[in-house]
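Let me begin by presenting the structure, written as structure tokens, before commenting on it.
The values are calculated or read from the model by the stated rules, or taken from the named source; none is laboratory data. Computed from a prediction, not measured in an experiment: that's the story for all the values here. All Cβ positions, glycine included, derive from the backbone under ideal geometry; neighbour counts span all protein chains shown.
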């Protein structure tokens, strides 16, 4: 019989829901990694299953919400899983940023504060409690007062909640943690208000660099939920569908980028961005890739390995909770698993302050674009050079026109064309283009300089411009 692995510092088993639920959750919240609690699994990992899963899920959520302080809404998730024909409950708990967390009825005392030690929980000492409280994060969005002085309205947010079947009352904003401790609307409220100064930029370039900006749009100045949906709609349009021919001559409809992975990456950027520095996520679309960049880097205490394993540590738990309420997020950490099912870790570029996801377009799509563009360029060039008997534009030169954006080295051009042979590139592509004044050198008096680069001359730019006009129709 297959069973779960042993309990450890991030994994706890319970055969049934009992009085220790709050202790386990508090211990995970106070730990450095968070953890997973499985209910319906024996201590040795054997799968037992549970009954009345819907009722138990609700009871677990209510107990965590009502019995633990500070509020941890957005830091936990409760859902069912099927294993060997049995239903179990999986409780995912993220590491919190407002430690120490404690069982409310016992207060911030050893009887209420617990820490994960190995595969068990341990009461915290007074000194441990005091040290954690002294280092508690103060600059979370919930504690930052909204910079907007005018009245805040939340009609857009209410519409989204009502559409999901929520019944709203006078405590709606309070329940979403949109107030500071002294009852002033906070930065989360500012982000979710009907009007603000927050926008998400989507830039589009004609080539593989930022030299030629052809589109620059901003989505926002409204509720972050509405702005997120607007950007998702934009990406759905940009993520074109193409037909892929398989080895069995079957025709498959594919997207330039996996639709699910793209959606999850955008949502992650919106939820985990560090808005406290007034920097917002940016989407950039190039001719061969799409990038999503958010500010903040990995949250402190979360290693790269834990990040890639799907260990969720929300920077903005209030946003996480709201995005989950509105079904923009399914489970904590599930987005990373969906992305890594399709792409490798190499698409993530992590730095101290920024977090970038780079989606290269499907190779089959890029190949088809080159073929289509080549045919279009051939027609455009033929029209331009009609009557010029001395000029012959080969298919190879046409391909060079397509991929040449800005100034490129010889190697960069060869990479864009998918070529490896320098002699072949020089003989069939570069030399004919130079001869006909379609390509020009950046250092013409030193043709063999190691700093030499190439760019389109006037004749080549005219051909490429006509191609761009066709592509935008």
Candidate set: the stretch 406-443, residues that are buried (at least 20 other Cβ atoms within 10 Å of the Cβ) and closer than 13 Å to residue 463 by Cα; chosen: the one nearest to the chain's Cα centre (by Cα):
439
Would you pick out the residues in the stretch 212-228 that are in contact (Cβ under 8 Å) with a residue 12 or more places away in the chain and not in a loop (DSSP other than H, G, I, E, B)?
214, 215, 216, 217, 218, 219, 220, 224, 225, 226, 227, 228
Of all residues in the stretch 181-209, which are outside any strand (DSSP E or B) and free of Cβ contacts under 8 Å to residues at least 60 places away in the same chain?
181, 182, 183, 184, 189, 190, 193, 194, 195, 196, 197
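Going through 159, 88 one at a time, which residue ends up being at pLDDT 90 or above and not in a helix (DSSP H, G or I)?
On inspection, the qualifying residue turns out to be 88.
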Is it the case that the stretch 74-83 has a residue that's farther than 24 Å from residue 321 by Cα and part of a strand (DSSP E or B)?
yes
Tell me yes or no: at least one residue of the stretch 49-69 is closer than 28 Å to residue 303 by Cα, touching a strand residue (DSSP E or B) at 6+ places or on another chain (Cβ under 8 Å) and part of a strand (DSSP E or B).
yes
